[in-house]
Amino acid sequence: MPEWAGWTVGVGALGAIVLILGRWLAVVNALTRRLTEMEAGRHVRPVRTRSLGPVGRLARRFNEVAPTIESRIAKLERDGQQLRVVLGGMAEGVIAIDSRRRLLFANASADALFGLDARSVGRFLLELIRSPQLQEAVEATLGSADNFSGEINLASREPFPKPHAKTLAVHGTPLPGSPQGGAILVFHDVSDLRRLERMREDFVANVSHELKTPLASIKAYTETLLDWALRDEEVNVRFLHRIEEQAERLNQLIMDLLSLARLDSGEGIFDHEPLALAPLIRKCVESVRGRAEAKGLALDLDFGPLDDTTVIVADEEAVRQILDNLIDNAVKYTPERGWVRIACSLTAQSVSIEVADSGIGIPRDDLARVFERFYRVDKARSRELGGTGLGLSIVKHLVQSIGGTISVASRVGEGTQFAVQLPREHGSAITSTPLTPSMSP
Ligand code: ADP
């Protein structure tokens, strides 16, 4: 071969190599751009190439797997989004920690429960929530392959209106990992549940005690009568009167308990109908007049703007029970020669009835509690006067069921005023469902 031919072949081969390298470089550049686009989450177009050889094969393989990778990434993002929505919408607080007890994740409920925010991530959990009980729950979860269940008490983060501890049920799940993974902790606020349980227990204890006391008296009087007193005419009549009194107390207690049970069940017990208020108030007042006069009490009734045509929509029996209870208390807790006054006023929306007395009054600290079941300022005095300690809790329940409100003001030794507002129209607040919580006063 002549020398020039050798040169020509050499230059041609070099040109071909440069061309191939150039094409490969273009493909490699295109692949790099596609990977950058993929990283940025943009849709990736296929790489056009007619190149043969390893780079061409790489580009074609890339074109085949890119849609699969894209759809997998999209699915992961959708799943992640769904998970975030689910966790964000959960009433339970969810926290994830790593093996060094650092916060990895907290959902919105956990943020609200413990006052966490985005800056909390990465910090030690026990630095963020200072609770020895939580520390125990974390250690118990991380120290075992099994799930942990327990309860912790936390001091409230909101000291107003009054500080109260929160009771949280904690469910801890260790995360797999070697030598140790982290943990997921789920918190459920059970404060209301525990408070209701305590109220229920107190209620049962109170009912048992209240039933036992008159029963014990009846038993003691009966035994004494059977022993010897039956033959003593003066004594036996007195004892029989005591037995009658105690039986009446038991009867009143059972009636009040039945009223409360009916109110708690909320089973359509009300018949809200147009009701002329003035005649009903007059009847209630007249029914206590005898007792008031026997005590030398002045009993005043001021209808104000109310007349016999003033109508509210409410259950008659409920309103009667409210008025009877309030007026009866006013007469009961007002010493001789005092006064009891019932005054009415009217607005476009409601009727207000105030029952005021010049009686013994209620100490400031007891005012808010008189509507609680079995709460009595002076137990002995209330029992002596035939009280059950349930009257005002029934009144409050009834007033709320009619969609009204009740308030009390009092000064010890000067007197007490209970004011009830009842809506004139059949308001949306009227309900036949139980008030929540069902054991509320
Ligand atoms: P009770 O059957 O003991 O009267 P209530 O629920 O009706 O129960 O009242 C609760 C407590 O509130 C009473 O024990 C009494 O201490 C107090 N109280 C209620 N009304 C009056 C009032 N008009 N004057 C003073 N104290 C009252």
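Remarks
- Selection of the range 358-373 for residues being aliphatic (A, V, I, L, M) and within 8 Å of the ligand (Cβ to nearest atom) yields ILE360, ILE362, VAL370.
- No other residue among VAL9, VAL65, VAL94 is of a type in the set (A, V, I, L, M) and either in a loop (DSSP other than H, G, I, E, B) or under 30 Å from PRO179 (Cα atoms) (or both) apart from VAL94.
- Test for VAL420: is it more than 20 Å from LEU253 (Cβ to Cβ), among the hydrophobic types (A, V, I, L, M, F, W, C), more than 8 Å from the ligand (Cβ to nearest atom) and not in a loop (DSSP other than H, G, I, E, B): yes
- Some residue of the range 305-313 being of a type in the set (D, E, K, R) and within 16 Å of the ligand (Cβ to nearest atom): no
- Candidates LEU275, LEU253: the one that is in a helix (DSSP H, G or I) and among the hydrophobic types (A, V, I, L, M, F, W, C) is LEU253.
- Taking residues in the range 394-414 that are farther than 22 Å from LEU258 by Cα, and partners anywhere that are within 12 Å of the ligand (Cβ to nearest atom) and assigned to a loop (DSSP other than H, G, I, E, B), the pairs with Cβ atoms closer than 6 Å and at least 6 places apart or on different chains are SER410/GLY361; SER410/ILE362; ARG411/GLY361; VAL412/GLY361; VAL412/PRO363; GLY413/GLY361; GLU414/GLY361.
- Across the range 119-138, the qualifying residues are those that are among the hydrophobic types (A, V, I, L, M, F, W, C) and outside any strand (DSSP E or B), and the one among them that is farthest from THR167 (Cα to Cα) is VAL121.
Just so you know, all these numbers are worked out from the coordinates, no wet-lab data involved. Please read these numbers as outputs of a predicted model, since none were measured by experiment. Neighbour counts run over all protein chains shown; Cβ positions are idealised from the backbone, glycine included.
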